[in-house]
Amino acid sequence: MIPSSHALVTLKPARQAAQQAIMSVEEARQRGSRLPSMPHVRTFLRLLTGSSRINSTVAQCIPGLNRDPKNRLSSLKQVEEALDILIESHGEKCPLPLDMDVQAELFPEVRHTRTERRKQREDIAFSRKMRREGRLEEKGWKQRQNLLGQAVTELNFQSPETVLSWYRRWADEFDASELEPAFWQWQTRFASLSELVWLRCSDAPLYEVMHEISFIVRGSAAHILERERWQVPNKLTCRR
């Protein structure tokens, strides 16, 4: 049965090409066929325009792209790479230089689902806020600020491998907006987390960022994880 969130989505040509590209690549992989580089975008472009490579003319056929041919801030190669990521992730990832309009055109159900999730998060956040406001009356503003300072201090001693535990400890105590400034400052210390920038630019909620970190950690080589552990300050040294 088709989910209700998908039932009203019209399969426009570009949307249909994206879905067919995902299925075609998956079937080719199951058969063990040799795939070209960026197979999702290659298949998508071929189905949509007849050409498997992007150029200025082909770019104009992609709804939502709205690319100015005189644009020198990003190359067509970068657009092509970003499209491959978008399609392979079923619309979940929309890296620069793509505009969110492309995501909305090719994967409208992602926007719909995220709207529903956002509403649920807002409801949960409101309930948490009401509970926290009750606790604030008992703790007082100064005590809360001291507690936030403790959370930020603990964050400074986290590596990408341990930051999820830190987040779980403090997520119910503070709004994401209170934790985010310290988190994004901490994130710049680790080269393996540089790809999180696109999530920050798209205003992704902190829990989605933490979910992405878990994938990054699992995919990182042992020597990278070891090197980043050494970037964490020594607690004994810092107490002197």
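Data for the structure
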{"quantity": "Search result, residues across the range 27-45 that are within 18 Å of A82 (Cβ to Cβ) and in a helix (DSSP H, G or I)", "calculated": "P39, H40, V41, R42, T43, F44, L45"}
{"quantity": "Every pair of residues 6+ apart whose Cβ atoms lie under 8 Å, when the first sits in the range 206-225 and is over 19 Å from E180 (Cα atoms) and open to solvent by less than 40 Å² (accessible area, probe 1.4 Å) while the second is among the acidic types (D, E) and not in a helix (DSSP H, G or I)", "calculated": "V217/E161; L225/E161"}
{"quantity": "Residue in the range 211-240 that is modelled with the lowest pLDDT, counting only those that are in a helix (DSSP H, G or I) and of a type in the set (S, T, Y)", "calculated": "T237"}
{"quantity": "Of all residues making up the range 180-205, the number that are under 21 Å from L83 (Cα atoms), outside any helix (DSSP H, G or I) and open to solvent by less than 50 Å² (accessible area, probe 1.4 Å)", "calculated": "2"}
{"quantity": "Residues satisfying the stated conditions in the range 1-27, i.e. of a type outside the set (D, E, K, R) and at pLDDT below 90", "calculated": "M1, I2, P3, S4, S5, H6, A7, L8, V9, T10, L11, A14"}
{"quantity": "Any chance E208 is among the charged types (D, E, K, R), in contact with a helix residue (DSSP H, G or I) (Cβ under 8 Å, 6 or more places away or on another chain) and part of a helix (DSSP H, G or I)", "calculated": "yes"}
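The values are calculated or read from the model by the stated rules, or taken from the named source; none is laboratory data. Being a predicted model, the structure only gives us computed values, none of them experimental. Neighbour counts run over all protein chains shown; Cβ positions are idealised from the backbone, glycine included. We work out accessible area using only protein heavy atoms, side chains counted, and drop any ligands, DNA or RNA first. Shrake-Rupley method; radii C 1.70, N 1.55, O 1.52, S 1.80 Å.
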